1. Counting only C-alpha contacts under 8 Å and six or more residues apart, can you give the relative contact order of the chain as a whole percent?
2. Enumerate the calculated ³J(HN,Hα) couplings along segment 28-42 in order (Karplus 6.51 cos²θ - 1.76 cosθ + 1.60, θ = phi - 60°), each rounded to whole Hz, writing x wherever the residue is Gly or Pro.
3. May I ask for the net charge around Phe62, where only other residues with Cβ less than 12 Å from the Cβ of Phe62 are counted and Lys, Arg are +1 while Asp, Glu are -1?
4. Relative to the Cα centre, what is the charge dipole magnitude of the chain, using +1 at the beta carbon of each Lys and Arg, -1 at the beta carbon of each Asp and Glu, and rounding to the nearest 20 debye?
5. What does the accessible area per residue of the chain come to in Å², with a 1.4 Å probe and no ligands, DNA or RNA counted?
6. Arrange the peptides 32-39, 11-18 so that the one whose residues have, on average, the most other Cβ atoms within 10 Å appears first.
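The values are calculated or read from the model by the stated rules, or taken from the named source; none is laboratory data. Just so you know, these numbers come straight off a predicted model, no measurement behind them. Quick reminder, even Gly has a Cβ in these numbers, built from the backbone with ideal geometry, and neighbours come from all protein chains shown. In case anyone asks, the SASA skips ligands and DNA or RNA and just uses the protein heavy atoms, side chains included. Shrake-Rupley method; radii C 1.70, N 1.55, O 1.52, S 1.80 Å.
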Amino acid sequence: QALPVLFKHCLKNEEVEEGDTAVLRCELTKPDAPVEWRKGDTVLQPSDKYEIRQERTRVELFIYDAEAQDA
(Lines give C-alpha, C1' and ligand atoms only; values in the text may rest on other atoms or scores of the structure.)
Protein backbone atom coordinates (compact mmCIF):
# COMPACT_ATOMS: atom_id res chain seq x y z
CA GLN A 1 0.00 0.00 0.00
CA ALA A 2 1.40 3.39 -1.00
CA LEU A 3 2.18 6.01 1.63
CA PRO A 4 0.10 9.21 1.53
CA VAL A 5 1.53 12.47 0.23
CA LEU A 6 2.25 14.89 3.08
CA PHE A 7 3.63 18.40 3.50
CA LYS A 8 7.28 18.42 4.60
CA HIS A 9 6.78 21.74 6.45
CA CYS A 10 3.76 23.62 7.74
CA LEU A 11 2.43 26.23 5.35
CA LYS A 12 2.99 29.84 6.38
CA ASN A 13 0.84 32.93 5.95
CA GLU A 14 2.27 35.45 3.52
CA GLU A 15 1.63 39.20 3.49
CA VAL A 16 2.14 41.42 0.46
CA GLU A 17 1.12 44.94 -0.50
CA GLU A 18 -1.91 45.29 -2.78
CA GLY A 19 -0.79 45.17 -6.39
CA ASP A 20 2.27 43.02 -5.64
CA THR A 21 2.69 39.32 -6.39
CA ALA A 22 2.04 36.85 -3.58
CA VAL A 23 3.94 33.55 -3.73
CA LEU A 24 2.76 30.55 -1.70
CA ARG A 25 5.07 27.53 -1.55
CA CYS A 26 4.83 23.99 -0.26
CA GLU A 27 7.12 21.00 -0.27
CA LEU A 28 5.68 17.49 -0.56
CA THR A 29 6.99 14.11 0.54
CA LYS A 30 6.51 12.60 -2.96
CA PRO A 31 7.66 14.09 -6.27
CA ASP A 32 5.14 15.11 -8.93
CA ALA A 33 2.08 14.38 -6.78
CA PRO A 34 -1.07 16.09 -8.08
CA VAL A 35 -1.84 19.31 -6.18
CA GLU A 36 -4.96 21.49 -6.14
CA TRP A 37 -4.76 25.04 -4.86
CA ARG A 38 -8.08 26.25 -3.44
CA LYS A 39 -9.66 29.40 -2.13
CA GLY A 40 -12.55 28.15 -0.05
CA ASP A 41 -14.46 25.68 -2.24
CA THR A 42 -13.05 27.11 -5.48
CA VAL A 43 -10.19 25.26 -7.21
CA LEU A 44 -7.76 27.85 -8.60
CA GLN A 45 -6.91 27.41 -12.27
CA PRO A 46 -3.92 28.87 -14.17
CA SER A 47 -4.88 32.27 -15.61
CA ASP A 48 -3.64 35.85 -15.85
CA LYS A 49 -4.25 36.05 -12.09
CA TYR A 50 -2.81 32.67 -10.97
CA GLU A 51 0.29 30.75 -12.01
CA ILE A 52 0.99 27.29 -10.65
CA ARG A 53 4.48 25.78 -10.87
CA GLN A 54 5.50 22.30 -9.83
CA GLU A 55 8.97 20.81 -9.92
CA ARG A 56 9.35 17.41 -8.29
CA THR A 57 8.37 17.96 -4.62
CA ARG A 58 8.17 21.78 -4.72
CA VAL A 59 4.87 23.45 -5.65
CA GLU A 60 4.30 27.22 -5.93
CA LEU A 61 1.24 29.40 -6.44
CA PHE A 62 1.79 32.93 -7.76
CA ILE A 63 -1.06 35.40 -7.26
CA TYR A 64 -0.47 38.41 -9.49
CA ASP A 65 -1.78 41.90 -8.69
CA ALA A 66 -2.83 40.82 -5.18
CA GLU A 67 -5.98 42.34 -3.75
CA ALA A 68 -7.65 42.17 -0.32
CA GLN A 69 -10.17 39.67 -1.72
CA ASP A 70 -7.29 37.25 -2.44
CA ALA A 71 -6.85 36.68 1.30
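1. Rounded, it is 36 percent for the chain.
2. With coefficients 6.51, -1.76 and 1.60, one gets 9, 7, 10, x, 6, 6, x, 10, 10, 9, 10, 10, x, 8, 8 Hz.
3. Charge balance in the 12 Å sphere: -4.
4. Numbers: 10 positive and 16 negative charges, 129 e Å.
Taking the Cα centre of the chain as origin, the dipole is about 620 debye.
5. Numbers: 5760 Å² over 71 residues.
About 81 Å² of surface per residue is accessible.
6. 32-39, 11-18
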